[in-house]
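For reference, the structure discussed in these notes is given below.
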Amino acid sequence: RAKEVGIRKVTGALRSQLIWQFITEAVVIALLALLLGAAFMNIIKNTIHINWINWDVENHFVLWSIYLVFTLFAGFVAGIFPAWILSGFKPAKVLKGIAGPASFGKLNLRKTLVIIQLVVSICYMLFMGHMYSQFKYMATENENFNRKNIYNITMNGGNDRLLVNELLKNKNVEQVGATSILFGSNAAEYAVKANKDDENTRVYYVAADSQFVNNMKLKIVAGTNLPVSNIDSASSFIMVNEKTVNNFHLGTAQEAVGKTLILNNSAEIRIAGVVKDFCYSNYQFEVQPLIMQYNPAQFQVLSVKTKNVGSEIAFKAEMERIWKQRYPHEAMVASWYEKDMYDRYFPKEDMKFMFLLAGIIFVITLMGLFGMVTYSTEKRIKEIGVRRGMGASITQIVKLLSWSYLKLLIIAGIIALPASYFSGVMFQKLFIFHGNMNYLLLMLFFIGICVITIGTICLQAMRSASVNPIKSLRTE
């Protein structure tokens, strides 16, 4: 718009008038963006449901006043710099063609800004890949304890052996275990010590039977499983994890078998077996001491190990029929363990929101890059016309216009990939239990970013290269 500024100045426009003209244009664009943003926000509000976001406000007038003030401020800041530069052009130089778009900003500054935008976008997108991989691992891994083919039925408390016997008659049921609480939840805390004179130590406690231990496929490193029992009182035998053995200085896992601990300053319990440490509660924290004891008075959940169930709906109907025989006036509360764990550990709505933010950042980067490519090709419109007139093909022109920006993408990739890898390593360190880094997913993300970016560059370059050279050379 350099010539427009020159003509306005020649016809008597003051510099302040030109500055306010460009600022006003920027503010109007910002107000239009506010309206468009409000429309998109309404769509987000109705499609993404996150517990920690509350859409209700006490005073809409105050909120929209803040939006409006911010929009006016953003438009003013966005318009002041180009307004100041453009309004400072000398009319004589502009109309003679001496001053023009080439004088606006240094080339290195523009390239640096493009690289920074690309690096930020790539790093953020790849970090989303790290988060997705970790949450997916926690939601689907089956190494710490088994969650596949397990159907959990909530009980009213106690050990209902009649219900268990009826369940075992079903052809799709392999075995039925009982527990006070499912792994993946917060267990009860008991006071435990090795000797009467020792201080109590906090230990997590789970009431369970041997079938539940088998259902969870816990690895026994020493001793045996919990003794099979049909009595209604608590057993004097327990199973502990390796962390309990280490914390109470019981020696090796084999040496710990047969030793006793004191539970809640009263009951003396003997170690029957030791299981390998596993994540029974939170993937982010270290494993804490755990005790498992046969204690039917605290059983709250039946863990039904199933065979290959053909129809989950039909299986649920069969379980409800058996439940109604025992409890005709109570509704059965049950669910598949694998699905419960997936719903708990994989934040679908949060990830949708995070990927939405990633998409917004990437779109802003593409828009900036698109603007830079457009600006560059506009400056070289006559050069393109001359080259086309001398016989250069569209492909050659596209390569010429695109290469300088493709180099910026390569530089951004060289910076962003190591930074993304480092951020992924640091993110994994937040979790004691984590999976391997998903390099395939990260490469797919990076390739997708590159393809879209290269496509944006080449598309604009192709549009400029396809212009009739006669029109290009006739523009002046």
Assuming ARG388 fulfils every condition listed in (1) surrounded by 15 or more Cβ atoms within 10 Å (Cβ to Cβ); (2) closer than 30 Å to ARG161 by Cα; (3) charged (D, E, K, R) apart from one, which condition is it?
(2)
When the range 215-268 is examined, which residues are found to be assigned to a loop (DSSP other than H, G, I, E, B), without any contact (Cβ under 8 Å) to a residue 60 or more places away in the chain and within 36 Å of the chain's Cα centre (by Cα)?
LYS219
Go through the range 337-359 and give me each residue that's touching a helix residue (DSSP H, G or I) at 6+ places or on another chain (Cβ under 7 Å) and either under 27 Å from LYS305 (Cα atoms) or assigned to a loop (DSSP other than H, G, I, E, B) (or both).
MET341, TYR342, TYR345, PHE346, PRO347
Please give the number of the condition ALA358 fails out of (1) surrounded by fewer than 16 Cβ atoms within 10 Å (Cβ to Cβ); (2) small (Gly, Ala, Ser); (3) closer than 27 Å to PHE445 by Cα.
(1)
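Can you tell me which residue is most open to solvent (accessible area, probe 1.4 Å) among those in the range 136-162 that are basic (Lys, Arg) and part of a loop (DSSP other than H, G, I, E, B)? Steps first, answer last, please.
Start the filter on the range 136-162 by keeping residues that are basic (Lys, Arg), which leaves 136, 147-148, 161.
Among the residues that remain, those that are also part of a loop (DSSP other than H, G, I, E, B) are: 147-148.
On the way: ARG147: 2, LYS148: 94 Å².
The extreme case among them is LYS148.
Is there a residue being hydroxyl-bearing (Ser, Thr, Tyr) and in contact (Cβ under 8 Å) with a residue 60 or more places away in the chain anywhere in the range 406-426?
yes
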Could you check the range 304-333 and list, in sequence order, the residues that are touching a strand residue (DSSP E or B) at 6+ places or on another chain (Cβ under 6 Å) and either surrounded by fewer than 17 Cβ atoms within 10 Å (Cβ to Cβ) or under 20 Å from SER281 (Cα atoms) (or both)?
LYS307, VAL333
State whether the residues of the range 163-184 include one that is aromatic (Phe, Trp, Tyr) and open to solvent by 10 Å² or more (accessible area, probe 1.4 Å).
no
For the range 439-465, the count of residues that are touching a residue at least 60 places away in the same chain (Cβ under 8 Å), out of contact with any Asp or Glu (no Cβ under 9 Å at 6 or more places or on another chain) and open to solvent by less than 60 Å² (accessible area, probe 1.4 Å) equals 12
Given (1) surrounded by 15 or more Cβ atoms within 10 Å (Cβ to Cβ); (2) in contact with a Lys or Arg (Cβ under 9 Å, 6 or more places away or on another chain); (3) more than 19 Å from ASN142 (Cα to Cα); (4) touching a residue at least 60 places away in the same chain (Cβ under 8 Å), index of the condition VAL275 fails:
(3)
Pick from the range 195-209, criterion open to solvent by 10 Å² or more (accessible area, probe 1.4 Å) and in contact with a Ser or Thr (Cβ under 8 Å, 6 or more places away or on another chain), ranking: farthest from VAL304 (Cα to Cα)
TYR204
If you check GLU349 against the conditions, is it open to solvent by 70 Å² or more (accessible area, probe 1.4 Å) and either touching a Lys or Arg at 6+ places or on another chain (Cβ under 7 Å) or of a type in the set (D, E, K, R) (or both)?
no
Whether any residue in the range 286-303 is open to solvent by 20 Å² or more (accessible area, probe 1.4 Å), touching a helix residue (DSSP H, G or I) at 6+ places or on another chain (Cβ under 7 Å) and modelled with pLDDT under 90 is what I want to check.
no
Find all pairs meeting these conditions: Cβ atoms under 9 angstrom apart; at least six residues apart or on different chains; first residue within the range 67-88 and open to solvent by less than 80 Å² (accessible area, probe 1.4 Å); second residue basic (Lys, Arg).
LEU86/ARG1; SER87/LYS9; SER87/ARG15; GLY88/ARG15
Touching a Phe, Trp or Tyr at 6+ places or on another chain (Cβ under 9 Å) and either at pLDDT below 90 or open to solvent by less than 40 Å² (accessible area, probe 1.4 Å) (or both) - does that describe any residue in the range 396-417?
yes
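The values are calculated or read from the model by the stated rules, or taken from the named source; none is laboratory data. Keep in mind the model is a prediction, meaning the values are calculated, not measured. In this analysis, Cβ positions are derived from the backbone assuming ideal geometry, glycine residues included, and neighbour counts consider all displayed protein chains. Please note that ligands, DNA and RNA were not included when accessible areas were found on the heavy atoms of the full protein model with its side chains. Shrake-Rupley method; radii C 1.70, N 1.55, O 1.52, S 1.80 Å.
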